[in-house]
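> Take a look at the following structure, please.
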Amino acid sequence: MIPDSQHFFDSITQSLNATWSRWLLYNSSAIPDGVYSADVIVTDAAGNTITVPFTLGADNTAPVVSFPTHVEFDDGSVGNVLRWNVSDAHPATYWLLVDGSVVSEGSWTNGPEFLMDDLTVGDHNVTAVFLDEVGLRSVVTTLVTVRDVTPPALSHPEDITYVEGTVGHSISWTATEEYPAFYEGFRNGIVIASGSWSGSVITVNVDGLAPGTHNFTVRVTD
């Protein structure tokens, strides 16, 4: 039997008068989840009566989502897929957002998939929103970390020799790195320059050195 609720029956009567639908999906904590059968008796001003059978689906449960809270993969690898397992008696619509921007939406039955290969190095929030037919929703977020595992490629300049007192002498290093960050320059093991690095050529002036051998080293970090 359907629990006695005046509001419940008023809602059913209004729906039937408007659409004569024989299937209603209802969200109310007064009615346990399940499928119920009932009759609605409608009488007009002349006393004519009609009995309308209908089925009521009661749904008070938001979509249940199983998902990873944190995933990691290496930049440049392929086939990295994020999956959600979702169950609900009346699935409807989903949205996927990466760092707050919608990247996918549509209908769902047991959960969508998201290919993560194009994400850039760093941390990203991938949020999934699942909505069912009665408007109940579940929102879950996965932290995705894309690791940079490729070290910078740094050139090795030729050794140079010059006469004391002459000028215009320098050493240049060329580095290849998709995500440059920081550099340090050393002379005989002592830091002589450092700072942020955009991936450009690093040049050190070596004029004015005392006679002898000096070792210059550059270290770059992504």
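The values are calculated or read from the model by the stated rules, or taken from the named source; none is laboratory data. All of these numbers come straight from a predicted model, not from anything done at the bench. When we count neighbours, we look across all protein chains shown, and the Cβ atoms used for this are built from the backbone with ideal geometry, even at glycine.
> Just checking, does the stretch 64-83 include any residue being touching a Gly at 6+ places or on another chain (Cβ under 8 Å), in contact (Cβ under 8 Å) with a residue 60 or more places away in the chain and aliphatic (A, V, I, L, M)?
Yes: the stretch 64-83 contains one or more residues that are touching a Gly at 6+ places or on another chain (Cβ under 8 Å), in contact (Cβ under 8 Å) with a residue 60 or more places away in the chain and aliphatic (A, V, I, L, M).
> Another question about this same structure. If you go through the stretch 107-134 one residue at a time, how many are under 18 Å from A62 (Cβ atoms), touching a residue at least 40 places away in the same chain (Cβ under 8 Å) and within 13 Å of the chain's Cα centre (by Cα)?
Matching residues across the stretch 107-134 total 1.
> Let me ask something else about it. Please state which of the following conditions T161 fails to meet, knowing it meets all the rest: (1) surrounded by 12 or more Cβ atoms within 10 Å (Cβ to Cβ); (2) modelled with pLDDT of 90 or more.
Here T161 clears every test but (1).
> Quick check on the stretch 166-186: of everything there that is part of a loop (DSSP other than H, G, I, E, B) and in contact with a strand residue (DSSP E or B) (Cβ under 8 Å, 6 or more places away or on another chain), which residue is farthest from L154 (Cα to Cα)?
H169
> Only one of S138, S104 is polar (S, T, N, Q), in contact (Cβ under 8 Å) with a residue 40 or more places away in the chain, outside any loop (DSSP other than H, G, I, E, B) and farther than 30 Å from E177 by Cβ; which?
Selected residue: S138, the only one of S138, S104 that is polar (S, T, N, Q), in contact (Cβ under 8 Å) with a residue 40 or more places away in the chain, outside any loop (DSSP other than H, G, I, E, B) and farther than 30 Å from E177 by Cβ.
> Return the only residue of D39, D99, D88 being among the acidic types (D, E) and within 25 Å of E178 (Cβ to Cβ).
The conditions single out D99.
> Could you check how many residues of the stretch 187-221 are more than 41 Å from the chain's Cα centre (by Cα) and either in a strand (DSSP E or B) or among the hydrophobic types (A, V, I, L, M, F, W, C) (or both)?
The total comes to 9.
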